[in-house]
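The values are calculated or read from the model by the stated rules, or taken from the named source; none is laboratory data. In this text, all values refer to a predicted model and were calculated from it rather than measured experimentally. Please note: Cβ atoms are built from the backbone with ideal geometry, for glycine as well, and neighbour counts cover all protein chains shown.
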Amino acid sequence: MAISTLNFSLLITIVILLLGQGGVHKIEASHEVYKGYQSLETIPPKFQPYRTGFHFQPPRNWINALAGPMVYKGIYHLFYQYNPNGSVWGNIVWAHATSKDLVNWELQPVALSAAEPNMDINGAWSGSATILPDGKPVILYTGVDSQNQQVQNVAVPKNLSDPYLIEWTKPPQNPIMSPTIQNQINSSSFRDPSTGWLGPDNVWRVVVGSKIGKQGVAILYKSKDFVNWVKDKKPLHSAHGNGMWECPAFYPVSVGNRNSVDTSKSSNDLNVKYVLKVSLDDIKHDYYTVGSYNYHTDVYTPNRGSIQNGFSGLRYDYGKFYASKSFYDGEMNRRVLWGWVNESSSVADDVKKGWSGVMAVPRRVWLDKSGKQLHINPVQEFVKLRMNPVSLRNHVLQPSSLLKVHNITAAQADVEIAFEGLDLSKAEVIDPSWISKPQVLCNQNDSSVRGSLGPFGLKVLASKGMEEYTSVFFRVFKMNTQNNKQHVVLMCSDQSRSSLDKDVDKSNYGAFVNVNPGHEKLSLRTLIDHSIVESFAAKGKSCITSRVYPKLAIDKAAHLYAFNNGLQSVKISSLNAWSMKSAQITGKQ
Amino acid sequence: MDFANLFFLLLLLLSLTPFPHRRHHPLTLAGADTTLIETTCKTTKHYDLCLSSLKSNTTSSTADVKGLALIMIGIGTANATSTSSYLTSQLPAAATTAAKNGSRNAAVLKRAVLKECADKYTYAGGALQGAVDDVGMEEYDYASMHVMAAADYPSACHNAFRRYSGLLVYPPELGRREDGLRRICDVVLGIIDLLIVGNY
């Protein structure tokens with residue numbers, strides 16, 4: 001963010017404080033506050049080169065964190081944080097959309113507004129949905145009350161026979177969790193209640209994100225009836241040094257079975273592991289660990305070797321992907337993950353274009369056979385948008401080569417490519433200390449930096465003269481560890497040349513991919529949708545999402561290439577590319 | 001009896017002695033390919049289903065593991081397609097039965113659910129077709145993801161019936177087909193795992 005913008009927002013904040021808020025606490029939001037823009041509704045311009053074709057986004061205004069996604073009576077519900085009045089964060093309510101297939105959506109009226117002084121008058125912030133054993137859905141969410149304190153409230157459908165669940169009521173017992181002097185909870189750091197799970201004692205548990213100093217905490221609450229909650233003495237888990245934990249999530253995953261496990265059924269089954277995920281407020285990334293859960297003592301223990309302190313653990317996505325929420329999809333026995341992808345463009349641009357934020361494609365989550373990490377991939381339903389396939393097989397990409405993919409709407413496409421035939425004896429050596437710094441490696445070595453094995457991959461949203469392009473690529477190295485030599489694979493999403501516009505964030509993202517290039521092909525799937533690029537390597541072992549704003553590579557003027565800028569050749573074993581139809585998003589917000 | 005006749009008799013006797021086989025299989029000839037089907041099926045979740053399904057196909061005895069995967073996917077596709085047709089064929093009957101019982105709401109509901117289920121099984125067939133393409137190209141990662149999706153669609157159909165468990169009964173025939181498709185998909189995933197490991 002430019003220094004001048006930061007100073008501007010500080011100035012606004014100071015001016016507002018000086019104008020007198022009495023003895024009220026300042027809202028400690030995790031967003032920049034641009035009071036001047038919060039309720040500035042402009043008429044969006046007709047030329048919208050960056051709006052997506054098949055990603056979820058409402059017609060206008062600001063969106064941020066996911067809230068309570070769920071499925072009920074065969075209908076998927078997406079709730080999300082929304083500003084009905086402007087293109088920056090503010091006036092936050094729960095907006096609502098429904099779908100039968102996670103692809104095409106119908107916008108619904110606002111589900112939860114910011115209305116009650118003791119519950120949420122200063123904001124209906126994020127939360128989660130739980131499906132009770134009798135099938136009824138219930139929402140738990142954070143409200144900011146008239147004293148600007150963060151509290152938790154419950155909301156239930158007004159009419160259970162309405163499958164679209166348009167209206168929700170807030171019972172008078174709210175707020176059902178509050179920061180008090182006794183419980184010593186920080187009233188500015190107490191939010192995002194998770195989906196509940198039942199213990200063997202038939203008692204409900206949820207976690208709420210918080211912090212104590214610089215220690216991130218998942219506070220544990222218990223209840224017999226989902227209305228009266230008691231804070232547990234111990235948190236479910238905590239970790240030092242990584243700041244406030246937002247949007248905590250805790251769910252079971254099955255080892256050796258690709259199908260998901262119903263959250264509401266707790267288990268001490270050895271074949272069931274647990275995932276604890278948190279959104280780190282300080283750096284805006286989502287991290288997770290896999291571990292075991294003792295449901296008698298409510299203790300979660302991450303797997304040995306998991307990294308949870310600092311910032312080098314496992315992430316759902318190594319690019320732009322935050323405040324995500326997953327839910328157990330009982331219709332299809334799978335876990336589905338949603339993530340919010342904000343803009344990399346400036347606030348001024350967002351106000352001008354009249355909208356900000358998109359949702360990543362919903363993704364299926366399952367545990368790897370090793371039990372050590374998750375696989376994350378777009379849900380199957382998106383293949384129905386594919387059309388006009390273009391295929392290529394067994395093509396050797398010589399060093400310094402570019403292969404154009406023709407007959408495709410390159411600005412709205414789905415590409416699957418797999419590489420093989422690497423001469424691993426020619427891999428360059430990488431020092432083990434780089435294993436925790438893939439993003440630095442990618443920022444320091446963009447696609448123009450030639451290596452021995454790599455960079456090779458895709459150039460997407462490329463302009464005709466290659467003035468602009470976004471590269472998604474692999475590099476393969478050799479690493480001499482104590483025990484043996486092994487090969488490591490680095491994946492980069494390189495935005496450094498994505499746009500001639502100087503005011504957008506063009507930093508690169510990187511991740512190592514846990515595959516052995518000696519035993520398997522390097523596979524990559526990339527979804528391209530105007531201003532969002534989502535890449536999945538090795539069946540979703542590493543994902544990277546990015547936002548780009550080309551000035552030339554727009555619509556029909558965008559092109560797609562496979563490339564190899566390494567010193568060694570590499571073979572494309574197969575490349576499949578499809579033009580993507582647009583999703584239907586209808587109705588009024 | 002002279003020597004020639006004795007020799008001939010001996011030869012005749014020898015030809016009648018059964019050679020030691022590892023198994024008696026009147027349907028197959030060489031021992032090698034039978035073993036491939038058996039060793040392949042052993043690694044899957046449903047050995048008996050795998051064995052009987054593959055052996056019922058005439059080309060399986062000479063197929064490699066990739067070929068066995070394709071045969072099994074074909075069996076799954078056949079299940080999905082025939083189930084979809086079966087569901088569509090039930091639509092008129094649903095209306096007639098309900099009309100007889102005077103319960104018009106149940107009839108409308110049943111038709112809607114049968115239609116939804118027919119769609120789900122069609123999607124399952126589509127996903128398996130995607131898997132065929134990917135296996136053909138040896139993109140086993142993608143193939144397995146398509147098969148995973150195909151295995152999920154039958155649950156979605158069952159859940160549609162569960163939603164109206166007071167009014168509708170989940171047909172036992174459909175339940176058999178649901179279990180069948182899911183098991184077939186499990187077997188396919190097992191064979192694909194072998195291909196992933198053995199690919200290099």
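Buried (at least 24 other Cβ atoms within 10 Å of the Cβ) and aromatic (Phe, Trp, Tyr), is that true of A:Phe536?
Answer is yes for this residue.
Give me a count of the residues in the stretch A:396-423 that are farther than 28 Å from A:Val383 by Cα and exposed (fewer than 14 other Cβ atoms within 10 Å of the Cβ).
Going through the stretch A:396-423 one residue at a time, the tally reaches 3.
Test each condition in (1) of a type in the set (D, E, K, R); (2) surrounded by fewer than 21 Cβ atoms within 10 Å (Cβ to Cβ); (3) more than 22 Å from A:Val71 (Cα to Cα) for B:Asp134 and report the one that comes out false.
(2)
Among the candidates A:Thr545, A:Thr526, A:Thr586, single out the residue that is closer than 30 Å to A:His96 by Cα, out of contact with any Pro (no Cβ under 8 Å at 6 or more places or on another chain) and within 14 Å of another protein chain (Cβ to nearest Cβ).
Only one candidate passes the filter, namely A:Thr526.
Given the conditions (1) over 18 Å from the mean Cα position of the chain (by Cα); (2) modelled with pLDDT of 95 or more, which single one is not true for A:Phe47?
(2)
Could you identify the single residue in A:Asp505, A:Asp501 that is surrounded by 15 or more Cβ atoms within 10 Å (Cβ to Cβ), modelled with pLDDT of 95 or more, more than 25 Å from the chain's Cα centre (by Cα) and not in a strand (DSSP E or B)?
A:Asp501
For the stretch A:508-520, which positions are out of contact with any Pro (no Cβ under 6 Å at 6 or more places or on another chain) and at pLDDT 95 or above?
The answer is A:Asn508, A:Tyr509, A:Val513.
Being touching a Gly at 6+ places or on another chain (Cβ under 7 Å), among the hydroxyl-bearing types (Ser, Thr, Tyr) and at pLDDT below 95 is the requirement here; does A:Tyr293 meet it?
Criteria not met by A:Tyr293.
Is there a residue being surrounded by fewer than 21 Cβ atoms within 10 Å (Cβ to Cβ) and either farther than 26 Å from A:Arg191 by Cβ or of a type in the set (Ser, Thr, Tyr) (or both) anywhere in the stretch A:314-326?
No: the stretch A:314-326 contains no residue that is surrounded by fewer than 21 Cβ atoms within 10 Å (Cβ to Cβ) and either farther than 26 Å from A:Arg191 by Cβ or of a type in the set (Ser, Thr, Tyr) (or both).
Which one of these is more than 30 Å from A:Gln412 (Cα to Cα), modelled with pLDDT of 95 or more and not β-branched (Val, Ile, Thr): A:Ser39, A:Ser113?
Unique residue meeting the criteria: A:Ser113.
Taking the stretch A:173-228, which residues are more than 23 Å from the chain's Cα centre (by Cα) and of a type in the set (Val, Ile, Thr)?
Once the filter is applied, which keeps residues that are more than 23 Å from the chain's Cα centre (by Cα) and of a type in the set (Val, Ile, Thr), the stretch A:173-228 yields A:Ile176, A:Thr180, A:Ile181, A:Ile185, A:Val203, A:Ile212, A:Val227.
When you check A:Gly53 against the structure, is it at pLDDT 80 or above, in a loop (DSSP other than H, G, I, E, B), out of contact with any Gly (no Cβ under 6 Å at 6 or more places or on another chain) and of a type in the set (Gly, Ala, Ser), yes or no?
The answer is yes for A:Gly53.
Tell me whether the stretch B:106-121 contains one or more residues that are without any contact (Cβ under 8 Å) to a residue 12 or more places away in the chain, away from chain A (no Cβ under 12 Å), closer than 22 Å to B:Ser89 by Cα and out of contact with any strand residue (DSSP E or B) (no Cβ under 6 Å at 6 or more places or on another chain).
Yes; the residues of the stretch B:106-121 include at least one that is without any contact (Cβ under 8 Å) to a residue 12 or more places away in the chain, away from chain A (no Cβ under 12 Å), closer than 22 Å to B:Ser89 by Cα and out of contact with any strand residue (DSSP E or B) (no Cβ under 6 Å at 6 or more places or on another chain).
Taking only the stretch A:184-209 into account, find how many residues are more than 26 Å from A:Leu132 (Cβ to Cβ) and surrounded by fewer than 17 Cβ atoms within 10 Å (Cβ to Cβ).
The total comes to 2.
Could you tell me how many of the residues in the stretch B:126-148 are of a type in the set (A, V, I, L, M), touching a Lys or Arg at 6+ places or on another chain (Cβ under 9 Å), at the interface with another protein chain (Cβ under 10 Å from one of its Cβ atoms) and touching a residue at least 24 places away in the same chain (Cβ under 8 Å)?
1
Just checking, how many residues over the stretch A:508-520 are within 13 Å of chain B (Cβ to nearest Cβ), in contact with a helix residue (DSSP H, G or I) (Cβ under 8 Å, 6 or more places away or on another chain) and buried (at least 20 other Cβ atoms within 10 Å of the Cβ)?
1
Just checking, does the stretch A:443-459 include any residue being in contact with a helix residue (DSSP H, G or I) (Cβ under 8 Å, 6 or more places away or on another chain), away from chain B (no Cβ under 14 Å), under 25 Å from A:Ser574 (Cβ atoms) and among the hydrophobic types (A, V, I, L, M, F, W, C)?
yes
Being in a loop (DSSP other than H, G, I, E, B), charged (D, E, K, R) and within 23 Å of A:Ser531 (Cα to Cα) is the filter here; which residues of the stretch A:556-589 pass it?
A:Lys581
When the stretch B:155-185 is examined, which residues are found to be farther than 24 Å from A:Arg525 by Cβ and facing chain A (nearest Cβ under 10 Å)?
Listed by number, the residues that qualify are B:Ser155, B:Cys157, B:His158, B:Asn159, B:Ala160, B:Arg162, B:Arg163, B:Tyr164, B:Arg182.
Which condition number in (1) of a type in the set (A, V, I, L, M, F, W, C); (2) over 30 Å from A:Thr409 (Cα atoms); (3) within 30 Å of the chain's Cα centre (by Cα) is the one that A:Met479 fails?
Unmet condition: (3).
Looking at A:Ile43, A:Ile75, which is the one that is over 30 Å from B:Ala149 (Cβ atoms) and among the β-branched types (Val, Ile, Thr)?
Going through A:Ile43, A:Ile75 in turn, the sole match is A:Ile43.
Could you look through the stretch B:14-68, keep only residues that are at pLDDT below 55 and part of a helix (DSSP H, G or I), and pick out the one that is nearest to B:Ala151 (Cα to Cα)?
The qualifying residue nearest to B:Ala151 (Cα to Cα) is B:Asp33.
Failed condition for A:Phe226, given (1) in a loop (DSSP other than H, G, I, E, B); (2) over 23 Å from A:Val275 (Cβ atoms), with all others met?
Among (1) in a loop (DSSP other than H, G, I, E, B); (2) over 23 Å from A:Val275 (Cβ atoms), the lone unmet condition for A:Phe226 is (2).
So in the stretch A:67-86, with the set limited to residues that are surrounded by fewer than 21 Cβ atoms within 10 Å (Cβ to Cβ) and within 14 Å of another protein chain (Cβ to nearest Cβ), which one is farthest from the chain's Cα centre (by Cα)?
A:Lys73
What strands (runs of 3 or more DSSP E), lying completely within the stretch A:286-405, carry at least 3 residues that are under 24 Å from the mean Cα position of the chain (by Cα), under 27 Å from A:Leu524 (Cβ atoms) and in contact (Cβ under 8 Å) with a residue 24 or more places away in the chain?
A:322-329, A:334-341, A:363-367, A:374-378
Quick one: in the stretch A:567-589, of everything that is crowded, with 18+ Cβ neighbours inside 10 Å and out of contact with any strand residue (DSSP E or B) (no Cβ under 6 Å at 6 or more places or on another chain), which residue is farthest from A:Val405 (Cα to Cα)?
A:Ala583
Tally time: how many residues in the stretch A:572-583 are among the hydrophobic types (A, V, I, L, M, F, W, C) and touching a Pro at 6+ places or on another chain (Cβ under 9 Å)?
Total satisfying the criteria: 2.
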